[in-house]
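What follows is a short report on a single structure.
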């Protein structure tokens, strides 16, 4: 069995490169994304391409009207998990750019939630939509507390943590990636897709491609009229391995390579 360092040497000898923008607020502390960075490398190894990570500061995306200069020669946009309101509107702009420009998008945890907020605002017409994490007075909290935590005042230890089941919808990118009807993934979050808005969002084209069978909570969302746009509520990066890349990272890199070779 070859070690990871030997695999990286082989990996670095390959000439094909795919440029992935990682949009976050810790871009000057890149070790903050260590597990995510490694999962991207695993996906690149499977797809016989080197992954060039381009870190984009979400706060900078809040300045000016045109964000395109931050995504020149970018083949895929990844938005990792996080918390706190700094840079949130910049992240929402990045999700909009990926959606409208048909660039492969992969949102993890908060990255999924903000893709839902962006879709609600700009496709479903809910102009003030937000997560209640960032705006407690929003009239349309499309992302909100877990239903049974709405009136909990002491939050310690109340997150949704650990592995949860998820049932996938046939004919979706999620099903294509996993090749399985049921999966189990690791969670660490408190806010969720608000099912009260499901009809308003799915009526405009959003797909809930993965759902927890016990609670009915949305675990994966997709936009079908897009080359590859997927957000997941869980953290798939923790299950990725060098010779067994996580299916979502593998397929995200594959879609990004396709965009590189045949841009829309």
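As a rough footprinting exposure proxy, the listed residues 75, 262 were ranked by other beta carbons within 10 Å of their own, and the order from fewest upward is 262, 75. As a proxy for reagent exposure, ranking 112, 62 by other Cβ atoms within 10 Å from fewest up yields 62, 112.
We did not get these values from a lab; they are worked out from the coordinates using the rules stated. Predicted, not measured: the structure shown is a model, and the values here were computed from it. Glycine gets a Cβ as well: all are built from the backbone with ideal geometry, and neighbour counts include every protein chain shown.
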